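Engineer: Quick one: the structure is below, questions incoming.
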Amino acid sequence: MSDPTAAPAAKRFAFLVHPRADVASDMARVWRPLGRMPAAAWDWGLKTLPVPPVPLATVHRRDVADGRPAGWVIVVPVGASQLLTEDRRWVISKVEQAVDKAERLGAEVVGLGALTAPVTGGGRLLRPRPGLTMTTGNAFTAHLTVEALRRLLPAAPGGHIAIVGATGSVGSCVVRLLADEPIGSRLTLVARGQRRLHDLAADFAGRATGVSVHTSTSLDPVREADLVLVLTSSADALLGSAHLKRGAVVLDDTQPRNTDPRLAVERPDVTVIDGGVAAIPGIDLRGDIGLPRGLAYACLCETMLMAFSGHTETAIGAASVDHAVRMRDAARRFAHLGFDLADPLSFGRPVAWPAPALLAEAA
């Protein structure tokens, strides 16, 4: 007779990724010779030829000795710009094929990585699949992002935080998590839609104290921010040298990244930290996902956590605070495997956490 108090059985999972801006470099992670194909050939081939989804990596738990994969990372063969610009029905069909592949491998939980989440309406545009649990991974990303903001705030004198992409799935969850435990002195929310911005700001103001909140549909106020969080969905860099004040700290949570790599040379006064990355020392990830060994993106980690805990409630659409808290608690349960905030990277390279800034003394 089964024990009704026993923890649910672990499930197997798959996580969907796609080539980013440099398709050849990312496809070379699947098979090195693929990196020799020119960009134009990739654009034509991925759109014209019946390229199937392919496994990029297998994931194994170090605390389980059965030798079987706990999950798979699967490549959706569509470039970042194609995901955002090609016919929506074709794009969704390519994501559906990758989910089909995941089910054939035996996955019961599927995570939508990078742009596969926003282009499918957070998963809502995909067909229902009984018995399959899906997630965007955005809730755990929001949780880790708040942890990183708290870690970075001492390096940002003045305490003015700007969130670019504030009304998106991760952004809105971050704002609501910050409303429960406010940090900083001023919060500027930046997004395209004024109505959603106004509603989100009103929600924050109604729950938080001690922090003034402002909104903008342009990047102009970002130039005044001490700490900038980037959460936009774009195939290209949006935030460059001209958008940042002297000494600004930037947390870029996007994949493909939306901060210009030239910042590292043009603005040595600016610190850019790659966001949404967790340490997973207890996980053996066999394959190249573009991060140093022992690290994983937070959205992949949420997919793992849902599978390991036997979670059966789908988490698509906008990320909720309740689910972020559940994922935080799941990370604590599986802390022997990792799932905490990783040591910082900047454009993929290890760096130290920025030192707390010294505030100028009043005259």
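Engineer: Along the three principal axes, how long is region 264-322 when you take its alpha carbons, biggest first, rounded to the nearest angstrom?
Structural biologist: Principal extents (largest minus smallest coordinate, Cα): 47, 30, 15 Å.
Engineer: Something else: Test of understanding: in a Gaussian network model of the chain with alpha carbons linked when under 10 Å, which of Val54, Val175, Val164 would top the mean-square fluctuation ranking?
Structural biologist: Val54
Engineer: Once the cut-off is 15 Å, how many percent of the Cα-Cα pairs in region 126-170 end up in the long-distance tail? Before the final figure, lay out the partial values.
Structural biologist: Working: 601 of 990 pairs.
Summing the P(r) of region 126-170 above 15 Å gives 61 percent of all pairs.
Engineer: List the equivalent ellipsoid semi-axes of region 88-195 in whole Å, largest first, each obtained as the square root of 5λ for an eigenvalue λ of the Cα gyration tensor. Mind dumping the intermediate values first?
Structural biologist: Working: eigenvalues 228, 48, 22 Å².
Taking √(5λ) for each eigenvalue gives 34, 15, 10 Å, largest first.
Engineer: With springs only between Cα atoms under 10 Å apart, run a GNM on the chain and tell me which of Ala166, Ala21, Ala139 wobbles the most.
Structural biologist: Highest fluctuation of the listed residues: Ala21.
Engineer: Can you find, among Thr188, Ser212, Pro292, the residue farthest towards the positive end of the dipole of the chain? Put +1 on the C-beta of Lys and Arg, -1 on that of Asp and Glu.
Structural biologist: Pro292
Engineer: What are the lysines whose alpha-carbon lies under 22 Å from the alpha-carbon of Lys11, with same-chain residues fewer than 8 places away excluded?
Structural biologist: Lys101
Engineer: Hey, another quick one. Jot down the radius of gyration and Dmax of region 113-253, Cα atoms only, both in angstrom.
Structural biologist: Rg, Dmax (Cα atoms, Å): 15.4, 52.
Engineer: State the percent of C-alpha pairs, over all pairs in region 1-75, separated by a distance greater than 19 angstrom.
Structural biologist: Numbers: 1422 of 2775 pairs.
Here the long-distance tail beyond 19 Å is 51 percent of all Cα pairs in region 1-75.
Engineer: Mind pulling up the Rg/Rh value for region 291-363? Radius of gyration and Kirkwood radius, both on Cα. Mind showing how you got there, number by number?
Structural biologist: Details: Rg = 17.0 Å, Rh = 14.9 Å.
Using Cα coordinates only, the ratio equals 1.14.
Engineer: Here is a follow-up. Can you list residues whose amide H is under 5 Å from Leu295's amide H, if they're 5+ apart or on another chain and H is modeled 1.01 Å from N?
Structural biologist: Those lying under 5 Å, H to H, from Leu295 are Ile280.
Engineer: While we're on this one: For the chain, set up a GNM with springs between Cα atoms under 10 Å and report which of Leu83, Leu49, Leu300 has the largest fluctuation.
Structural biologist: Per the Cα network of the chain with a 10 Å cutoff, Leu49 tops the list.
Engineer: So what is the relative contact order of region 271-363, in percent, for Cα pairs below 8 Å that sit 6 or more residues apart? Before the final figure, lay out each step's value.
Structural biologist: Working: 87 pairs, mean separation 37.2, N = 93.
40 percent.
Engineer: Could you tell me what a quarter of the Cα convex hull surface of the chain works out to, in nm² with one decimal place? Could the numbers behind the result be given before it?
Structural biologist: Details: hull surface 80.0 nm².
Its average projected convex-hull area is 20.0 nm².
Engineer: To check you understand DSSP bridge types, tell me what percent of the beta bridges within region 1-123 (both residues inside) are antiparallel, rounded to 5. Intermediate values should be presented prior to the final figure.
Structural biologist: Details: 5 of 14 bridges.
Given both bridge residues lie in region 1-123, the antiparallel proportion sits at roughly 35 percent.
Engineer: What are the semi-axes of the equivalent ellipsoid for region 8-158, taken as the square roots of 5 times the Cα gyration tensor eigenvalues, largest first, in whole Å? Before the final figure, lay out the partial values.
Structural biologist: On the way: eigenvalues 133, 103, 62 Å².
Semi-axis lengths for region 8-158 are 26, 23, 18 Å.
Engineer: Thinking of region 216-297 as a set of Cα atoms, what percent of all their pairs are more than 23 Å apart?
Structural biologist: Values: 960 of 3321 pairs.
Roughly 29 percent, once rounded to a whole number.
Engineer: Over the chain, what is the relative contact order in whole percent, taking alpha-carbon pairs under 8 Å and six or more residues apart? Can you show the working numbers first?
Structural biologist: Working: 766 pairs, mean separation 76.7, N = 363.
Normalised by residue count, the contact order of the chain is 21 percent.
Engineer: Hey, which lysines would be in cross-link range of Lys94, C-alpha to C-alpha under 18 Å, not counting anything within fewer than 8 residues on its own chain?
Structural biologist: Within the straight-line limit of under 18 Å, Lys94 reaches these lysines: Lys47.
Engineer: Here is a further query. Would you pull out the residues with amide H under 5 Å of Thr188's amide H, same chain only if 5 or more places away, H placed 1.01 Å from N?
Structural biologist: Long-range HN contacts for Thr188: Ile161, Ala162, Ile163, His214.
Engineer: Here is a follow-up. For region 193-254, max minus min Cα coordinate along each principal axis, in Å, sorted largest first?
Structural biologist: 34, 26, 19
Engineer: Let me ask you something else. Which far-off residues, 5 or more places away or on another chain, put their amide H under 5 Å from the one on Ser346, with H placed in the peptide plane?
Structural biologist: The list, which skips near neighbours in sequence, is Asp274, Val351.
Only the coordinates and a few stated rules stand behind these numbers; no lab work does. Being a predicted model, the structure only gives us computed values, none of them experimental. All Cβ positions, even for glycine, are placed from backbone atoms using ideal geometry, and neighbour counts span all protein chains on display.
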